[in-house]
Amino acid sequence: MDTIVIGGGNKLHGKVRISGAKNAAVAILPAALMSTGKISLSNLPDINDVRTLIAILENLGVAIRRRGRNAVELNPSRLRGYSPPYELVKKMRASYYLMGSLLARFGRAEVPIPGGCDLGPRPIDQHLKGFAALGVDIEIEHGLIKLAVAKMRGAHIYLDVVSVGATINLMLAAAAAEGRTVLENAAKEPEIVDVANFLNAMGASIKGAGTDVIRIDGVSQFGSAEHMVIPDRIEAGTYMMAAAATGGEIVVEDVIPKHLEAVTAKLREMGVTVDVEPERIWVKRTDHLLPSDIKTFPYPGFPTDLQPLSMALLTAAEGTSIITENVFDGRFRHVDELKRMGAQIKVEGRTAVVEGGQPLSAAPVAATDLRAGAALVVAGLMARGETVLSEAEHIDRGYEQFEEKLRGLGASIKRVRSRGGIMV
Ligand code: UD1
């Protein structure tokens, strides 16, 4: 496992360009295999989850041509099968989108139960309930979800929980069902809109993405399309918080500020100066950080993916902050690691109380998942001394050139690669 070594104390300064959105890309790639034409994708983030999905598509028979670091051309006209391999699928949660897209293409899919970040229990009952409503037969055997249907038929589907994954997966399947599907209580994340735009570019008929009612009129074929992935609002939020944490001044470029309104509002509440231009956001902290209460919610609420980062940041705010995690049970595994660095945090159920203001001190810590890893890096940037973060591969699933971008902003951060247990 790789280790990241962070020297604390440098204020971040400068510009950082934001990559394409992970959570859009990991749905758009599986969606591409619904097409029998040529697909051209740009602004794909160069991250491990994208590499894994490209390997899965290749394994299923998609012809792939890379066009530099962030673009790819796909020709899914001749697929070999509908059973992606366990070894690749287990690496990431978003492989569940192969269920919806393979159903749309073949009326069949055999997908191992997906892996991904351990954020407590992450059921997929709403995905399966929706597939069943479209007429799909579902069997779960030996860790494999087997789906089969002669012809999917549109249906009214009410989601019992607001789920990004279920909303997208059902959009994928319903795009190829006969007749109209209405998805109610749908999630409204910008990534859902991006996936719907891509599907529509391939010939789908989807209206209402970005609201809580999505109407999908099924079509029988999907053709060629070109698509540019939207910017990653979570990556942008990460650098905004890192700048606020270190007391620096940075510009995040190539973002859609509207997608970051909840984050901008919270940073301003904490006394951070945030100036918004059409495609960039300036973040500057000169004063003390003020404590703040944060509650995570589905979009447009404060994103759960930035909750661990906000917690690292609030350890620097003098006074008591309360963070309530409403989206995932058990997304507080970073707390113990932050405490190793001297943070004073108490967790009760879904609530964490942060008593901030004491400087953090460097310690050996481990990334328990993707965003927890990023939060510990931000904590390391604030801490006195040299923080050594192990299990750094979690970060590579979702951040393009994380250390390089931070170094570009003046951070002292380096990767120590481990081969066969030896640090090199
Ligand atoms: C997606 C994002 C993840 C983000 C999360 C919430 C991707 C690849 N991942 O994850 O980064 O943290 O949205 O914004 O886009 N639930 C059920 N049954 C289901 C599905 C979900 O009970 O069938 C629950 C979950 O346990 C959770 C809540 O619904 O408590 C929201 O989960 P969901 O929006 O589905 O998250 P993911 O799509 O897994």
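The values are calculated or read from the model by the stated rules, or taken from the named source; none is laboratory data. Everything quoted here is computed from the prediction, not taken from an experiment. Cβ sites come from the backbone with ideal geometry, for glycine too, and all protein chains shown count toward neighbours.
Structure values in brief
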{"read-out": "Count of residues meeting criterion [over 20 Å from Leu98 (Cβ atoms), among the small types (Gly, Ala, Ser) and more than 16 Å from the ligand (Cβ to nearest atom)] in segment 1-38", "value": "4"}
{"read-out": "Answer residue from segment 334-364, given it is assigned to a loop (DSSP other than H, G, I, E, B) and crowded, with 17+ Cβ neighbours inside 10 Å and is farthest from the ligand (Cβ to nearest atom) among those", "value": "Ala362"}
{"read-out": "Segment 300-311, residues that are near the ligand (Cβ under 7 Å from one of its atoms) and touching a helix residue (DSSP H, G or I) at 6+ places or on another chain (Cβ under 8 Å)", "value": "Pro303, Asp305"}
{"read-out": "Residues being touching an Asp or Glu at 6+ places or on another chain (Cβ under 8 Å) and exposed (fewer than 14 other Cβ atoms within 10 Å of the Cβ) - total across segment 273-287", "value": "1"}
{"read-out": "From Thr320, Thr324, Thr296, residue being farther than 21 Å from Asn23 by Cβ, within 14 Å of the ligand (Cβ to nearest atom) and not basic (Lys, Arg)", "value": "Thr324"}
{"read-out": "Checklist (1) over 30 Å from Met152 (Cα atoms); (2) away from the ligand (no atom under 16 Å from the Cβ); (3) touching a residue at least 60 places away in the same chain (Cβ under 8 Å) applied to His259, failing item", "value": "(2)"}
{"read-out": "Among residues of segment 381-407, those that are over 23 Å from Asp232 (Cα atoms), small (Gly, Ala, Ser) and buried (at least 19 other Cβ atoms within 10 Å of the Cβ), counted", "value": "1"}
{"read-out": "So Gln344, is it out of contact with any helix residue (DSSP H, G or I) (no Cβ under 9 Å at 6 or more places or on another chain) and at pLDDT 95 or above", "value": "yes"}
{"read-out": "Any pair with Cβ under 9 angstrom, 6 or more apart, that starts in segment 101-122 at a residue that is part of a loop (DSSP other than H, G, I, E, B) and ends at one that is within 14 Å of the ligand (Cβ to nearest atom) and modelled with pLDDT under 70", "value": "Arg122/Gly116"}
{"read-out": "Flag for Asp287 being out of contact with any Leu (no Cβ under 9 Å at 6 or more places or on another chain) and either more than 16 Å from the ligand (Cβ to nearest atom) or free of Cβ contacts under 8 Å to residues at least 24 places away in the same chain (or both)", "value": "yes"}
{"read-out": "Pro45 at pLDDT 95 or above, part of a loop (DSSP other than H, G, I, E, B) and touching a helix residue (DSSP H, G or I) at 6+ places or on another chain (Cβ under 6 Å)", "value": "yes"}
{"read-out": "Tally of residues being farther than 23 Å from Ser40 by Cα, within 13 Å of the ligand (Cβ to nearest atom) and in contact with a helix residue (DSSP H, G or I) (Cβ under 9 Å, 6 or more places away or on another chain) across segment 150-169", "value": "9"}
{"read-out": "Criterion violated by Leu144 - all others in (1) at pLDDT 95 or above; (2) more than 16 Å from the ligand (Cβ to nearest atom); (3) touching a Ser or Thr at 6+ places or on another chain (Cβ under 9 Å) satisfied", "value": "(1)"}
{"read-out": "Any hit, segment 258-279, residues being over 23 Å from the mean Cα position of the chain (by Cα) and polar (S, T, N, Q)", "value": "yes"}
{"read-out": "Test for Arg268: is it out of contact with any His (no Cβ under 8 Å at 6 or more places or on another chain), surrounded by 16 or more Cβ atoms within 10 Å (Cβ to Cβ) and more than 24 Å from Ala366 (Cβ to Cβ)", "value": "no"}
{"read-out": "Count of segment 1-40 residues which are aliphatic (A, V, I, L, M), part of a loop (DSSP other than H, G, I, E, B) and crowded, with 18+ Cβ neighbours inside 10 Å", "value": "5"}
{"read-out": "Test set (1) in contact with a Phe, Trp or Tyr (Cβ under 8 Å, 6 or more places away or on another chain); (2) within 16 Å of the ligand (Cβ to nearest atom); (3) of a type outside the set (Lys, Arg); (4) over 25 Å from Asn48 (Cα atoms) - Met202 fails condition number", "value": "(2)"}
{"read-out": "Those residues of segment 47-63 which are touching a strand residue (DSSP E or B) at 6+ places or on another chain (Cβ under 9 Å) and surrounded by fewer than 16 Cβ atoms within 10 Å (Cβ to Cβ), in sequence order", "value": "Glu58, Ala63"}
